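Only one structure is covered here, and it is reproduced in the block below.
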Amino acid sequence: MTVDRRQELIEELTSLRAVAVLRADGAGTALSAAQAILAGGVRVIEVTMTVPDAYDVMRQLADRTSAILGAGTVLTAGQVDRCIEAGARFVVSPACCPEVIERAKARGVVVIPGAMTPTEVLTAWNLGADMVKIFPAARLGAAFLSDLRGPLPDIPLVPTGGITDENAVEYLEAGATLLCFGSWLADRDAMSEGRFDRLTERARRIHDLIRAYEEGRHG
């Protein structure tokens, strides 16, 4: 991915605001869940390494859908390489893993490492992160995100963990660049029951909520 295309992806992610973080018990379930979420209007799908046959799931999504595809729970440089080969355009870590950041930058893909404290956030940014994931966000809430942005206003922050339709706007108002929706959106109970329509409904709710927020923000 060229520098221009990387920057285009960063801008597109920033404009869309929502990432669906996909965890599932099987590859087929993950693919059905991704299709359901895309049908609801959330276009950014992060397939975590905890999904069985995650690389194959990514390949199939890259080949069959228009999803903006990312890989999550990426912990090693080797995983970065395999995720890129499977079609991932961005990689996400739960922590600040220097080798992941370095390899992603070398391969020209967007990288979003995880952090919690101000020191971790700044370390990730200085290592070359494009954005920094704040995880687990739910433990300290939107106020903590706002506090981080005080001394670190230029670092794009991506809260993850416990984000729902009920607190999404609060996080956006606190300064979130992106929101990662995990178990609330990719509801594993609904998936186990074959109720993928529930995922579509929630994705549509998020899509509409973000659109209304942006329209109100820009008047």
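Do you know which of the residues in the stretch 1-35 that are part of a loop (DSSP other than H, G, I, E, B) and of a type in the set (Lys, Arg) is nearest to Asp81 (Cα to Cα)? Filtering the stretch 1-35 for residues that are part of a loop (DSSP other than H, G, I, E, B) and of a type in the set (Lys, Arg), the one nearest to Asp81 (Cα to Cα) comes out as Arg23. Set side by side, the residues Asp147, Asp154 differ, and just one is farther than 24 Å from Arg43 by Cβ, assigned to a loop (DSSP other than H, G, I, E, B) and more than 17 Å from the chain's Cα centre (by Cα), which is Asp154.
Out of all the residues in the stretch 100-130, which are hydroxyl-bearing (Ser, Thr, Tyr) and in a helix (DSSP H, G or I)? Reasoning before the result, please.
Taking the stretch 100-130 first, the residues hydroxyl-bearing (Ser, Thr, Tyr) are 117, 119, 123.
Of everything in the stretch 100-130, those that are hydroxyl-bearing (Ser, Thr, Tyr) and in a helix (DSSP H, G or I) turn out to be Thr119, Thr123.
Per this entry, Arg198 is not counted among residues that are touching a Gly at 6+ places or on another chain (Cβ under 6 Å), in a helix (DSSP H, G or I) and among the charged types (D, E, K, R).
Restricting attention to the stretch 1-34, the residues that are more than 12 Å from Phe90 (Cα to Cα), hydrophobic (A, V, I, L, M, F, W, C) and at pLDDT below 95 total 1. Can you say whether Thr50 is surrounded by fewer than 16 Cβ atoms within 10 Å (Cβ to Cβ), among the β-branched types (Val, Ile, Thr) and touching a Cys at 6+ places or on another chain (Cβ under 9 Å), as far as the supplied structure shows? Considered against the rule, which asks whether it is surrounded by fewer than 16 Cβ atoms within 10 Å (Cβ to Cβ), among the β-branched types (Val, Ile, Thr) and touching a Cys at 6+ places or on another chain (Cβ under 9 Å), Thr50 comes out as no. For the stretch 36-54, a residue qualifies if it is touching a helix residue (DSSP H, G or I) at 6+ places or on another chain (Cβ under 7 Å) and part of a loop (DSSP other than H, G, I, E, B), and the qualifying residues are Gly40, Gly41, Val42, Arg43, Met49, Val51, Pro52, Asp53. Checking the stated criteria, Arg59 turns out to be more than 25 Å from Leu145 (Cβ to Cβ) and basic (Lys, Arg). Please enumerate the residues belonging to the stretch 110-169 that are polar (S, T, N, Q) and in contact (Cβ under 8 Å) with a residue 60 or more places away in the chain. Within the stretch 110-169, just Thr160 meets the criteria.
Evaluate the following for Gly108: is it surrounded by fewer than 19 Cβ atoms within 10 Å (Cβ to Cβ) and touching a helix residue (DSSP H, G or I) at 6+ places or on another chain (Cβ under 9 Å)? Give the derivation first.
On the way: surrounded by fewer than 19 Cβ atoms within 10 Å (Cβ to Cβ): yes; touching a helix residue (DSSP H, G or I) at 6+ places or on another chain (Cβ under 9 Å): yes.
In short, yes.
Out of Ile206, Ile163, one residue alone is touching a Cys at 6+ places or on another chain (Cβ under 9 Å), β-branched (Val, Ile, Thr) and not in a strand (DSSP E or B). It is Ile163. Comparison of Arg204, Arg188 shows that the only residue that is more than 29 Å from Val121 (Cβ to Cβ), modelled with pLDDT under 95 and surrounded by fewer than 23 Cβ atoms within 10 Å (Cβ to Cβ) is Arg188.
Taking the conditions exactly as written (at pLDDT 95 or above, β-branched (Val, Ile, Thr), within 20 Å of Cys180 (Cβ to Cβ) and assigned to a loop (DSSP other than H, G, I, E, B)), does Val57 satisfy them or not? Give the derivation first.
Details: at pLDDT 95 or above: yes; β-branched (Val, Ile, Thr): yes; within 20 Å of Cys180 (Cβ to Cβ): yes; assigned to a loop (DSSP other than H, G, I, E, B): no.
The answer is no for Val57.
The values are calculated or read from the model by the stated rules, or taken from the named source; none is laboratory data. What you are looking at is a predicted structure, and each value in this text was computed from that prediction instead of being measured. Methodologically, a virtual Cβ is constructed for each residue, glycine included, from the backbone with ideal geometry; neighbour enumeration extends over all protein chains shown.
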